[in-house]
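The values are calculated or read from the model by the stated rules, or taken from the named source; none is laboratory data. Keep in mind that what you see is a predicted model, and the values were worked out from it rather than measured. All Cβ positions, glycine included, derive from the backbone under ideal geometry; neighbour counts span all protein chains shown. Just so you know, the surface numbers come from the protein's heavy atoms only, side chains and all, with ligands and any DNA or RNA stripped out. Shrake-Rupley method; radii C 1.70, N 1.55, O 1.52, S 1.80 Å.
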Amino acid sequence: MKSLLILPLLVLGLHAAEPVSLFDGKSLAGWSAAGGKAPGPGWKIEDGVLVLDGVGGNLLSDKEYTNFEFEWEWKIAEGGNNGVKYWVTQVGGKEWLGIEYQMLDDQKHPDAKNGAKRLTASFYDIQAPTVKTPVNPPGQWNASRVVAKDGKLQHWLNGVLVGEADTRSADWQAKIAESKFKTKVGFAPGKGRIMLTDHKDKTWFRNLRIKEL
């Protein structure tokens, strides 16, 4: 009987989700601009690193995700601002919006003066980090991770859990009502695309990997 019980477990293990690379280091396969258009010329690939240098526009993943663990490494130029958004959808048939993991020069970019909800690793304009963020300075690599599971979210930075949220809670809804997204009906519906944003500042990305949960 033991062998009969073990076999199904082994079979299930074979189907466990494995991380998938979202950037092959050579091309922008799997990504496009809004409307399926080609990315702008500001997106470049240098020595296996995805670089935004100039006008590139936002990059959207071809695939939508619900429950996932997404990790990436990034750095920004001094005084820079950027971010990664997830659960991105076309709200109202117009804007591509989603929850943003903020990436910022917290010391020199003016947005850092607009409150902790705008600092690196925050849920941008919704919820501030709950611990002091171990962010590396501009020009140095950071490792970030977003975990989304059954409506619950985690933001990680350089191995530290810096924020958690339950998007099905009254607390989350209250925070949305206080944010710039309060009038955006259908904002972050629990599934959507990944977006690498273009905030006009030079940014580097590498080791983008996602695992569906």
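Report, to the nearest whole %, how much of the accessible area of the chain belongs to carbon and sulfur atoms, 1.4 Å probe, protein only. It is 54 percent, rounded to a whole number.
Which entries of Lys26/Lys75; Lys108/Lys184; Lys63/Lys113; Lys26/Lys180 show an alpha-carbon separation above 28 angstrom in the structure shown? Working shown, then result.
On the way: Lys26/Lys75 19 Å; Lys108/Lys184 30 Å; Lys63/Lys113 35 Å; Lys26/Lys180 37 Å.
Result: Lys108/Lys184; Lys63/Lys113; Lys26/Lys180 exceed 28 Å.
Where does the range 151-213 land on the Kirkwood hydrodynamic radius, alpha-carbon pairs, in angstrom? Numbers along the way, then the final one.
Numbers: mean 1/r = 0.0688 Å⁻¹.
Final number for the Kirkwood radius of the range 151-213 is 14.5 Å.
The angle between the Cα long axis of helix 2-14 and the longest principal axis of the Cα atoms of the chain comes to about 30 degrees, rounded to the nearest 10.
Rounded to the nearest whole Å², what accessible area per residue is found for the range 2-153 with the 1.4 Å probe?
Details: 7710 Å² over 152 residues.
That works out to 51 Å² per residue.
For the chain, give the magnitude of the charge dipole about the Cα centre (Cβ charges: +1 Lys/Arg, -1 Asp/Glu; no others), in debye to the nearest 20. List each step's numbers first, then the result.
Details: 28 positive and 25 negative charges, 69 e Å.
Rounded to the nearest 20 debye, it is 340 debye.
For a test of the definition: using alpha carbon positions, the gyration tensor, and the 1.5 limit on a/c, classify the range 59-213 as rounded, prolate or oblate. Intermediate values should be presented prior to the final figure.
Values: a/c = 1.40, a/b = 1.26, b/c = 1.10.
Rounded, because the longest to shortest axis ratio a/c is under 1.5.
Between Ile194, Phe205, His109, the Cα set farthest toward the positive side of the dipole of the chain (charges on each charged residue's Cβ, about the Cα centre) is that of Ile194. Ignoring aspartates and glutamates fewer than eight residues from Lys132 along the same chain, the ones with Cα atoms less than 18 angstrom from its Cα are Asp105, Asp106, Asp111, Glu164. In plain terms, the chain from Asp111 to Ala34 could stretch by 25.2 nm, reckoned as 0.36 nm per residue minus the Cα-Cα distance. Take every pair of alpha-carbon atoms less than 8 Å apart whose residues are at least six positions apart; their mean separation over the length of the range 83-213 yields a relative contact order of 27 percent. Here the scattering of the range 20-148 is modelled by Debye summation over its C-alpha atoms, one equal scatterer each and no solvent; at q = 0.16, 0.21 Å⁻¹ the log10 of I(q)/I(0) is -0.90, -1.53.
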